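Since the structure comes first, as structure tokens, the remarks are kept for the end.
The values are calculated or read from the model by the stated rules, or taken from the named source; none is laboratory data. Note that the coordinates shown come from a computational prediction; the quantities given were computed from them, not determined experimentally. Here the Cβ is made from the backbone with ideal geometry for all residues, glycine too, and neighbour counts use every protein chain on show.
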Amino acid sequence: MAEDLRSILLGTTGVSVAALLALLLTVTRGRAISSPAELRAAARVAGIAVVIQSAHFAEELATGFHRRFPEQLGLTPWSPYFFVSFNLFWLVVWVLGCRGLVAGRQPALAALWFLAIAGLVNGVAHPLLSVRAGSYVPGLITSPFLGAVGLLLLRRLASVTRGPAAARGAA
């Protein structure tokens, strides 16, 4: 049991760093200040990101990411139960984030910054892991699409939030 927990904690360190960065962006960028139409447009991009993330998760599950990724790090494989639960939890959070963004709710920004960062990181990490392994790694096929939509979502979120300079000027 302790080895399983160690594997999960160490194997998801990158996700934890992305979540902390998302929180930092949420705090430093401030509230969504755009028009309802701009917020809906950003939420549509986030919705597309959720759909692509769902396909990415399905690819990873079908090709054994929960076994192969931890093993590449010298860790014990994750249980399918953990992997599915973890991913479904975040997919629900991100869907709720899309709805919350349209309503102008601040916590939605944290969730969607995280989605954007995670998408971008996946878009870079999977191809690098594949090069390192010298072969296909689970998630490789969908990762470029996820990286592209992650970048697009980052740009949209930046455009609908104030940013540090605007926040200081408004105070």
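Here the condition is being farther than 20 Å from Ser130 by Cα, outside any helix (DSSP H, G or I) and either polar (S, T, N, Q) or under 18 Å from the mean Cα position of the chain (by Cα) (or both); of Ser16, Ser34, Ser7, Ser85, it holds for Ser34 alone.
For region 119-139, the set of residues classified as in a helix (DSSP H, G or I) and aliphatic (A, V, I, L, M) consists of Leu120, Val121, Val124, Ala125, Leu128, Leu129, Val131, Ala133, listed by residue number. Criterion applied to Phe57, Phe69 was being modelled with pLDDT of 95 or more and aromatic (Phe, Trp, Tyr), and the one residue passing it is Phe57.
Checked against the criterion of being hydroxyl-bearing (Ser, Thr, Tyr), under 19 Å from the mean Cα position of the chain (by Cα) and either assigned to a loop (DSSP other than H, G, I, E, B) or within 15 Å of Gln106 (Cα to Cα) (or both), the candidates Thr26, Thr76 yield just one match: Thr26.
Summed over region 122-142, residues that are of a type in the set (Gly, Ala, Ser) and closer than 19 Å to Ala19 by Cα total 2.
Residues are listed down the side, and each one gets a yes or a no for (1) out of contact with any Leu (no Cβ under 8 Å at 6 or more places or on another chain); (2) part of a loop (DSSP other than H, G, I, E, B); (3) closer than 20 Å to Leu154 by Cα:
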| position | (1), (2), (3) |
| --- | --- |
| Leu39 | no, no, yes |
| Val51 | yes, no, yes |
| His56 | no, no, yes |
| Arg68 | yes, no, no |
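Selection of region 121-162 for residues being surrounded by 16 or more Cβ atoms within 10 Å (Cβ to Cβ) and of a type in the set (S, T, N, Q) yields Asn122, Ser130, Thr142, Ser143, Thr161.
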